[in-house]
Amino acid sequence: MAKMKKCATCGADIASSAKACPKCGAKNKKPIYLRGWFILIVIIAIAGIVIGISKNIGASEIRFESGKSFTANELKKIGNDTAYIGAPCTVIMTVKEVNSLFEMITSKDGVEIRYDYANNRVKIQTLALDKGDVIEVKGRLHSIGTWQIGVDEITSIRELS
C-alpha cells in the first residue's frame with residue numbers, strides 16, 4: 001500500500017506518489033529539498049566551498065616589518081614594481097619540494113627560498129625538510145614574478161610542524 005499524506009490544499013488523504021489530489025485536483029508537489037534542481041544547486045555550492053577552502057590550505061603568507069601581510073598570490077598580483085623588493089620579510093609556507101641541486105625550497109603557490117647565495121647566514125642543508133612540512137623563513141624579498149616569489153638573504157629558518 002502506498003504511503004499516504006494530506007493534501008496541502010483541501011486536507012484529503014492522498015498517496016504520496018500521486019501527481020494530483022483526486023478530490024480537489026491540486027498538484028502534489030515534492031518538498032523543495034527533494035527536487036532534482038535543488039539537490040544539484042546544493043551539490044555545486046558545497047563543491048565551491050570545498051574548492052575555495054582547499055585553495056587556501058597551505059597558502060604561503062609573507063609578512064613585512066611594516067605590518068603588511070600578503071598571500072603569495074596577492075603579492076604576485078602586485079608585481080615587482082613595489083617598495084617590498086629588498087624588504088625584510090617572514091614567510092610561512094608549506095614545503096612542496098627541497099631541491100638540493102638548485103639549492104632552493106619551493107611551495108605549491110610559487111614561493112622560492114633560495115639558499116645558494118653566499119650572504120645567507122643560515123645553513124638550510126642541516127634541516128631535514130620533507131614535502132608538507134610547514135616552515136617559517138626570515139629573509140629579504142628578492143623578486144616577484146608571475147609564477148614565483150623569490151626570498152633570499154635568509155637570516156633564520158625553523159620548522160613549525
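The values are calculated or read from the model by the stated rules, or taken from the named source; none is laboratory data. What you see is a predicted model; the values in this text were computed from it and never measured. Ideal geometry is used to build each Cβ from the backbone, glycine not excepted, and the neighbour counts take in all protein chains shown.
Looking at Lys77, Lys131, can you tell me which residue is among the charged types (D, E, K, R), surrounded by fewer than 14 Cβ atoms within 10 Å (Cβ to Cβ), modelled with pLDDT of 80 or more and within 16 Å of Leu160 (Cβ to Cβ)? Criteria check complete, one pass: Lys131. If the condition is being assigned to a loop (DSSP other than H, G, I, E, B) and at pLDDT 85 or above, then the stretch 19-60 contributes Lys19, Cys21, Pro22, Lys23, Cys24, Gly25, Ala26.
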